[in-house]
Structure formats: structure tokens, C-alpha cells
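Notes follow once the structure below has been shown.
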Amino acid sequence: MHAYFDNAATTPLDPAVLDAMLPYLGQHYGNPSSLHGPGRQVRSAIEQARKTVAQLVNAAPSEITFTSGGTEADNYAIFGSVRTLGLRHAITSPLEHHAVLHPLQALAKAGETELSYLRHDEHGRLDLGHLEELLATKPRSFVSLMHGNNEIGNLNDIKAIGEICARYDAIFHTDTVQTMGHYPHDVQQLQNHFLVGSAHKFH
């Protein structure tokens with residue numbers, strides 16, 4: 001008997017998802033940016049998918065951006081925020097995924113932003129008091145803290161983190177790749193600016 005215990009890395013494709021996608025891997029092949037009928041048909045399907053995802057996280061469809069995966073989405077949020085908004089200070093945790101740590105470290109190395117690491121205890125629990133201390137001195141910062149840790153399984157209180165960030169006008173990005181589909185995420189309650197999920201991690 002075959003047993004698969006690595007769903008945190010990737011999940012098998014749900015048959016319902018396969019059925020929904022098959023028409024767009026064969027008969028519906030139009031470019032969604034084209035004005036002709038086949039293209040508009042595909043565009044309509046993409047926009048319907050955008051609405052479905054938006055409803056799941058209580059967002060507006062216009063707030064949903066599709067990327068190739070979690071790493072690209074994290075990079076999109078990090079580089080876009082720091083460079084476009086000119087944020088000179090970023091806060092993260094040394095326990096973050098490399099998809100977050102590496103771009104932030106690259107920006108810090110290039111002198112585009114200063115990078116601070118949040119303290120944590122021996123069990124990986126983040127010190128939110130330290131977050132408040134950092135933001136009190138540099139309020140307009142970029143904050144990137146995940147919901148569920150991909151290695152030790154800790155769940156961070158992203159609602160509390162969002163409330164702290166809101167008090168200091170900080171931009172809050174959270175990687176929920178490990179928990180999307182398993183825990184409810186309401187972007188209105190979380191007060192986050194960027195929330196990342198990846199479809200291959202959940203059904």
C-alpha cells in the first residue's frame with residue numbers, strides 16, 4: 001500500500017480540479033489578452049477564477065494577482081513594495097522561508113533597505129513586543145512574517161501582527177502558503193497588504 005505524507009510540500013491533483021482545467025489544456029487555447037472570441041472565452045474563465053479566489057479571502061477581485069507560484073508572489077510583494085514605495089526599513093524573522101529571506105537580504109546587501117530580524121524564543125515563537133519596538137522607531141516599514149512555518153509548524157498570530165502594523169502605518173506581507181485552504185483567511189480582518197497562497201499546496 002502506498003502512503004504519501006508530504007502534502008505540506010505538494011498535494012496530488014484533485015480530480016475535480018483536473019476536470020475543471022482540462023478544457024483549457026485542449027479545446028480552449030485562446031490568448032486571454034486577445035480580442036477575438038476564443039481569447040475572450042479564456043479571459044472570462046480567468047476572471048471567474050479571480051472572483052472565486054477573492055470570495056475565499058474576502059477580497060475584491062481586482063486585488064487578486066495570479067503568479068506562477070509562491071516564490072514569485074513573495075518576490076513580487078517584497079521587491080514591489082520596497083522599490084515602489086521607497087521603504088527604507090524591512091522587518092522579518094530568521095525563521096522565514098528562503099522565498100522571503102533571500103530577496104530581503106539581496107535588497108539589504110544592495111543598500112536599498114535596512115533589514116531587521118524579529119527575536120524568537122527556543123520554540124520559534126515570535127516576540128511581537130520586539131516588533132512593536134522596531135516599528136516605534138521606524139514606523140513606515142515593510143513587515144514580512146509567515147502564518148505557518150514550513151519546517152517547525154508554528155502558527156504565528158497574523159491578526160495581531162496586522163493590528164500592530166496598522167498602528168505604525170507599516171506594509172504587512174504574509175506568506176500563507178502552508179495554511180491556505182486549511183485555515184480561513186479574511187484579508188479585511190487580518191489588515192494585511194499582501195497575502196500569498198499557492199494552489200499546489202491544497203485541494
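Taking the conditions exactly as written (touching a Gly at 6+ places or on another chain (Cβ under 7 Å), modelled with pLDDT of 95 or more, among the hydrophobic types (A, V, I, L, M, F, W, C) and assigned by TED's automatic domain parsing to the domain that holds residue 88), does residue 172 satisfy them or not? Spelling it out, residue 172 is indeed touching a Gly at 6+ places or on another chain (Cβ under 7 Å), modelled with pLDDT of 95 or more, among the hydrophobic types (A, V, I, L, M, F, W, C) and assigned by TED's automatic domain parsing to the domain that holds residue 88. On inspection, residue 5 passes the criterion of being surrounded by fewer than 13 Cβ atoms within 10 Å (Cβ to Cβ) and under 30 Å from residue 145 (Cα atoms). Among the residues making up region 129-140, those that are surrounded by fewer than 24 Cβ atoms within 10 Å (Cβ to Cβ) and either among the aromatic types (Phe, Trp, Tyr) or within 22 Å of residue 195 (Cβ to Cβ) (or both) are 132, 134, 135, 139, 140. Among residues of region 93-105 being more than 10 Å from residue 78 (Cβ to Cβ) and in contact (Cβ under 8 Å) with a residue 24 or more places away in the chain, the one that is surrounded by the fewest Cβ atoms within 10 Å (Cβ to Cβ) is 94. Search region 10-28 for residues being assigned to a helix (DSSP H, G or I) and in contact (Cβ under 8 Å) with a residue 12 or more places away in the chain, and hand back the single one that is farthest from residue 198 (Cα to Cα). Per the stated criteria, the residue is 24. Tallying residues that are in contact with an Asp or Glu (Cβ under 8 Å, 6 or more places away or on another chain) and acidic (Asp, Glu) within region 163-194 yields 1.
Pairs meeting the criteria (first residue in region 81-92 and at pLDDT 95 or above and of a type outside the set (Ser, Thr, Tyr), second residue surrounded by 12 or more Cβ atoms within 10 Å (Cβ to Cβ) and assigned to a strand (DSSP E or B), beta carbons under 6 Å, at least 6 apart or on different chains) are 82/142; 87/142; 89/114; 90/115; 90/142; 91/116; 91/143. Once region 106-162 is narrowed to residues that are touching a residue at least 40 places away in the same chain (Cβ under 8 Å) and in contact with an Asp or Glu (Cβ under 6 Å, 6 or more places away or on another chain), the residue that is nearest to residue 75 (Cα to Cα) is 146. Applying a threshold of 6 Å to beta carbon distances and a minimum spacing of six or more residues, or different chains, the list of pairs starting in region 183-203 at a residue that is of a type in the set (Phe, Trp, Tyr) and ending at one that is surrounded by fewer than 18 Cβ atoms within 10 Å (Cβ to Cβ) and assigned to a loop (DSSP other than H, G, I, E, B) reads 202/181.
Exactly one residue out of 56, 18, 87 is aliphatic (A, V, I, L, M) and over 21 Å from the mean Cα position of the chain (by Cα), and it is 18.
Filtering region 52-66 to residues that are exposed (fewer than 13 other Cβ atoms within 10 Å of the Cβ), of a type outside the set (S, T, N, Q) and more than 14 Å from residue 197 (Cα to Cα) leaves only 60.
The values are calculated or read from the model by the stated rules, or taken from the named source; none is laboratory data. Remember, it's a predicted structure, so these values are computed and weren't measured experimentally. We place every Cβ from the backbone using ideal geometry, glycine too, and count neighbours over all the protein chains shown.
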